[in-house]
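Just below is one structure, and these are the notes that go with it.
Laboratory data are not the source of any read-out in this text; all were calculated from the coordinates shown. Treat the numbers as computed from the prediction; the structure is a model and nothing was measured.
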Amino acid sequence: MPKKFDQEAKDRVVRLVEDRILAEGLSIQDACQTVAPKLGVSWHTARQESVRLFV
């Protein structure tokens, strides 16, 4: 069964990924792989939420 995240958690993932991209010039995938373990989500989930920001 998939784990559901509230909107606040999704917003936090997107914000932290965006910060990594801007601060370190990382790709979306690299930023997600860096941030996701710290938040207890898979990098695929982080990427899925972050892609919505950049589309």
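Some points to look at:
- The angle separating the long axis of helix 28-39 from the principal Cα axis of greatest extent in the chain is about 50 degrees.
- Computed from backbone phi, the HN-Hα couplings of segment 14-25 come to 4, 4, 5, 5, 4, 4, 4, 4, 6, 6, 10, x Hz, rounded to whole numbers (Karplus: 6.51 cos²θ - 1.76 cosθ + 1.60, θ = phi - 60°; Gly and Pro given as x).
- Cα-derived Rg to Rh of the chain, Kirkwood definition: 0.94
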